[in-house]
Amino acid sequence: MKKGLTPKERRALRNRSKLKRMALTGRARLSVFRSARHIYAQVIDDAKGHTVAAASTLETGFDGKNGGNIDAAAEVGKLIADRAKQAGVSQVVFDRGGHIYHGRIKALADSARESGLEF
């Protein structure tokens, strides 16, 4: 492990190394990035090295809405699940990016599961 990293960065590296090993089995990775105002999600095919689907609160459908709350995260979860299914991805590995599984991260994951994405 590298020195000088924050605890969140260490968690993210540890988590991502395990997820990339799992992704070698053919599953795509659902990566989540959270800022104070917005939340972003993308489905990444690590074998090919490209993004299959993406969704965020910066899209035009979120105009005037607060992107930094649980309701917005749930909407992004539904969007990413629909776009992933359209691209032919039904099973993913969840990459929480070093964030704890709580609040907006949990809302996004639960919403994606309810919309048909399998973790």
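Observations, loosely collected:
- With a cut-off of 18 Å on the backbone N, the residues of segment 26-47 near the modelled label site 7 Å out from D82 along Cα-Cβ are 39-43.
- Derived scalar couplings ³J(HN,Hα) [segment 31-43; Karplus, 6.51 cos²θ - 1.76 cosθ + 1.60; whole Hz; x for Gly, Pro]: 9, 10, 10, 10, 10, 5, 10, 9, 9, 10, 9, 8, 9
- Added length on full extension, which subtracts the Cα-Cα distance from 0.36 nm per residue, I70 to T25: 13.0 nm
- For F94, nonlocal amide neighbours, meaning residues 5 or more places apart or on other chains whose placed amide H falls under 5 Å from its own, are L30.
- A straight Cα-to-Cα reach below 19 Å connects K78 with the lysines K65, K106, residues fewer than 8 places away in its own chain not being considered.
- Among G68, G49, G26: highest mean-square fluctuation, GNM of the chain, C-alpha pairs under 10 Å: G49
- GNM result for the chain, Cα springs below 10 Å: residue of V89, V43, V32 fluctuating most strongly: V89
- Accessible-area composition of the chain, carbon plus sulfur, in percent [1.4 Å probe]: 50 percent
- Think of a 1.4 Å ball rolled over the protein heavy atoms: segment 1-89 then has 63 Å² of accessible area per residue.
- Local electrostatic count, R34, Cβ distance below 13 Å [Lys/Arg +1, Asp/Glu -1]: +4
- Highest-fluctuation residue, F33, F62, F94 considered, GNM on the chain with Cα pairs under 10 Å: F62
The values are calculated or read from the model by the stated rules, or taken from the named source; none is laboratory data. Predicted model only: the values in this text are computed from it and were never measured. For neighbour counting, all protein chains shown are included, and Cβ atoms are generated from backbone atoms with ideal geometry for every residue, glycine included. When the accessible area is computed, the model is the full protein with side chains, heavy atoms only, and any ligands, DNA or RNA have been set aside. Shrake-Rupley method; radii C 1.70, N 1.55, O 1.52, S 1.80 Å.
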